[in-house]
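Colleague: Got a structure here, written out as structure tokens. Questions coming.
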């Protein structure tokens, strides 16, 4: 029903562009990058020193509350990184407490339904279970969706892509009104860092192509496809080495930080700094900035810094 | 006495559905202990496992032996799923006028015992081939895992699609498993033989080819309870002979070959005059006598099976893998990789009866039936298929579930120290070298960091191997994007080795209490 709905609505969009239904559902298809951020009090909110849920409460409040992003009756996808069969303290997956808090707030703002999924690397059921995310978000009222077979993904074209021209995107992202991207910050052998843009690899089916054809460029290319409504970077447990899977808890630093922004490039740049890396060493951040996906010049952005 | 058949029917259907379901349980809804109990009372795997390792499974074997010593071959009619499968065929055949009634035909006893002997000798000599071909549990498992489970996948996905139309993801789709023609051939052929035999000759399979049937036939000769014909009350109506699917009742002479009887109790159920009794031996006034046998068919089948056996040479297991890197790609990949807990290819191959229960339950679907990689003797024994997936580091399901002892139980901690193979890295094929682009799919997935990224040129990092801590799980090989061959791949350890645990060093600062923002 949802997919047909999507196609029907897409057809309607071409006829009556600007009608409320279309705008309400698919404004991300026609909105300008950063258009929304212009009306926000800050381009980036950084929080330190609290529990994951508390930091989100303070951080989102600084941006005007979740209601700025989630309207009554909307369909929301909250996409964590839960690609690995490891428990939360290993820092391999997004913190379940943070996930649950975001879900609760979305539903509190009147979201019709909230979905959580990830195209995992390790066995999907073990990842969903052992990350602690499945149980936490279900309790908070979200629906957990599968993403382990190709049937859930649909072809999309990426007009701005240099290398990645096509991908298969999860249908929930295509059908949702609001897409909240919730990566965990960690070390990564290939992309150097995993933050918000890298986390979008969990939205697509064929990752092998990305790895075989300039990973950094593909990450940046895909970032041009759909900007998330909001990015929340979990830096509570931060894996400093052996990423993205990690070998033991000894790879992890308890950093108790969180970054929130609508701009993926800005949030990834700030995350690199937080991690202790020069953002320029992470090629895909630079490539995405070249694509005008967002801004790396943190010094010119309005940043709210909250210490708890 | 009349209720015996009803009990048998209920019990047999229960076992049939439960045991068949194990092999199509692609959702893993059956808990491991339940599965373990169910398969522990399957005769052949229970024997092979007990020979390998004395575990709780051995109680299952004890149970079956005692059951048979007490009550005859009730196993064949109640517990064996393949027996019930044949009964279903016989029931269908019964609708056909020509096949409605059975006539006595002495079981080819000598042939049956000869098959048991040859199968046993081959097995003890290290070859499971003959056992694989005729053993009922594994054949039943293969019929369901290979032939029925694709249908289950399609049905599941049809329902999932329907539910999806109503906007719910409550039933996830199941991945479609590739169907290899060679793998489906044996189960199909076996099913055809069993259907043909049961449709035309009742339980002839159980009394000619089945090694479990032969073993139980021996035990049932001395069983305490036996079905006997009471010469005083029998009215010679011959109904018992007509309904006997084991064809072991000769009504004319009032003989009943109890060693061929599968204790289905159809005869007792049908007898209008209580002419058949199921009694403890000490009450028996009539000692059951062996009846005349149809020697023509026996000779024919003897010859047929003997020639079949002659064509099969036991043994022919894989040779040792020499230093992996010294071998060319194709040569080193000839050896199959056996799952953790298999100890060695020899151990695995000499015990696995290829029931494919591990193939069914494997959550990552990395276990897949081989064709001839383990040699002719190891046909259809499962191997690790890193083209399709990789072994989840913390998963030990196959080791817990294996009924035969081919994969021995290991703890999750012990599994992490088992090296089933080693990685080989072909630098010039790697994306980092050939395209000068970042990749790291291998290191990303590696659970031990036996593959890790080290600085290469500029911002680029390149994989580096440390096979001391490699477990051979295939997490590097599976995601490697290079074509046509992977730049990193795993070669088998024909004898599994010990992997060192990854060295864990503390970070200088495990807690970052800073309240500063470096931007």
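Read the figures in this text as sums done on the coordinates, not as results from a lab. Computed from a predicted model, the values in this text were never measured in an experiment. Every residue, glycine as well, gets a Cβ built from its backbone with ideal geometry; the counts of neighbours run over all protein chains shown.
Colleague: For chain A, give the share of DSSP beta bridges that are antiparallel, in percent and rounded to the nearest 5; count only bridges with both residues there.
Modeller: Percent antiparallel among DSSP bridges in chain A is about 55.
Colleague: Right, here's the next one. Dimensions of the stretch B:384-465 along principal axes (Cα, Å, largest first)?
Modeller: Ordered largest first, the stretch B:384-465 gives principal extents of 52, 23, 15 Å.
Colleague: Kindly give the semi-axes, whole Å and largest first, of the ellipsoid equivalent to the protein assembly as shown, taking each as the square root of 5 times a Cα gyration tensor eigenvalue.
Modeller: For the protein assembly as shown, the ellipsoid semi-axes come out as 62, 29, 22 Å.
Colleague: log₁₀ I(q)/I(0) of the stretch A:31-307 at q = 0.11, 0.14, 0.17 Å⁻¹, via Debye over equal Cα point scatterers, no solvent, to two decimals?
Modeller: Debye output, listed in q order: -0.53, -0.92, -1.49.
Colleague: Also: Need one number: % antiparallel among DSSP beta bridges in the protein assembly as shown, to the nearest 5.
Modeller: The answer is about 70 percent antiparallel.
Colleague: For the stretch B:27-149, what does the equivalent ellipsoid look like in terms of its semi-axes, each the square root of 5 times an eigenvalue of the Cα gyration tensor, given largest first in whole Å?
Modeller: The answer is 26, 21, 16 Å, longest axis first.
Colleague: Continuing with this model, one more query. In peptide A:281-290, what is the residue-averaged number of other protein chain Cβ atoms found within 10 Å of each Cβ?
Modeller: 1
Colleague: Then there's this: Please grab the % of Cα pairs in the stretch B:3-310 that end up more than 31 Å from each other.
Modeller: 34
Colleague: Rank-order A:82-95, A:213-226, B:47-60 by packing density, defined as the average count of other C-beta atoms within 10 Å over each peptide's residues, highest first.
Modeller: Those peptides, ordered most packed to least, come out A:82-95, A:213-226, B:47-60.
Colleague: How tilted is helix B:211-220 with respect to the longest principal axis of chain B? Cα atoms for both, answer in degrees (0 to 90, nearest 10).
Modeller: 40
Colleague: Could you check the simple spin-label distance between residue B:165 and residue B:273, using points 7 Å along Cα→Cβ, in nm with one decimal?
Modeller: My value for the distance between the label points is 6.2 nm.
Colleague: If you don't mind, there's one more thing I want to ask. Just to be sure I follow: if Rg is taken over the C-alpha atoms of the stretch B:141-286 and Rh is the Kirkwood radius over the same atoms, what is Rg/Rh?
Modeller: Dividing the radius of gyration by the Kirkwood radius yields 1.22.
Colleague: Sticking with this one: Set the Förster radius R0 to 25 Å, insert the Cβ-Cβ distance between residue B:222 and residue B:10 as r into 1/(1 + (r/R0)^6), and round the FRET efficiency to 0.05.
Modeller: After rounding to 0.05, the efficiency reads 0.35.
Colleague: Need one number: convex hull volume per residue for the stretch A:94-150, Cα atoms only, in Å³.
Modeller: Cα-based convex hull of the stretch A:94-150, divided per residue, equals 69 Å³.
Colleague: Quantify how strongly other chains surround peptide A:204-216 by giving the mean number of their Cβ atoms within 10 Å of each of its Cβ atoms.
Modeller: For peptide A:204-216, the averaged partner shielding equals 5.
Colleague: Which of the peptides A:281-287, B:405-411 is most tightly packed, and how do the rest follow, going by the mean number of other Cβ atoms within 10 Å of each residue?
Modeller: A:281-287, B:405-411
Colleague: Also: For chain B, take the longest principal axis of its alpha carbons; what is the angle in degrees between that and the long axis of helix B:3-22, to the nearest 10 within 0 to 90?
Modeller: The angle comes out near 20 degrees.
Colleague: Another one. Taking Rh as the Kirkwood radius, which is the inverse of the mean 1/r over Cα pairs, what is the Rg/Rh value for the stretch A:38-181?
Modeller: Over the Cα atoms of the stretch A:38-181, Rg/Rh equals 0.98.
Colleague: For the stretch B:324-498, what number results from the quotient of the Cα radius of gyration and 2.2 N^0.38 Å?
Modeller: Against the compact-globule rule of thumb, the ratio is 1.03.
Colleague: Also: Under the definition of partner shielding as Cβ atoms of other protein chains within 10 Å of a residue Cβ, what is the mean value for peptide B:506-515?
Modeller: Counting Cβ atoms of other protein chains within 10 Å of each residue's Cβ and averaging gives 6.
Colleague: If you split all Cα-Cα distances of the stretch B:438-519 into 5 Å bins from zero, what percentages do you get per bin, shortest first?
Modeller: Over the stretch B:438-519, the share of Cα pairs per 5 Å bin runs 3, 13, 18, 18, 16, 12, 9, 6, 3, 2, 1 percent.
Colleague: Using only Cα atoms, tell me the angle between helix B:109-124 and the longest principal axis of chain B; keep it within 0 to 90° and round to the nearest 10.
Modeller: Long axis of B:109-124 versus the principal axis of chain B: about 20 degrees.
Colleague: Something else about it: Could you check which residue among A:269, A:194, A:149 shows the biggest mean-square fluctuation in a GNM of chain A with a 10 Å Cα cutoff?
Modeller: A:149
Colleague: Thinking of chain B as a set of Cα atoms, what percent of all their pairs are more than 43 Å apart?
Modeller: Taking all Cα-Cα pairs of chain B, the fraction more than 43 Å apart is 29 percent.
Colleague: What is the Rg over Rh value, at two decimals, for the stretch A:157-308, using alpha-carbon atoms and the Kirkwood definition of Rh?
Modeller: Taking Rg over the Kirkwood Rh, I get 0.95.
Colleague: On to the next question. Quick one: which of B:236-244, A:120-128 comes out on top by average Cβ neighbours within 10 Å, and what's the full order, highest first?
Modeller: With the highest mean Cβ count within 10 Å placed first, the list reads A:120-128, B:236-244.
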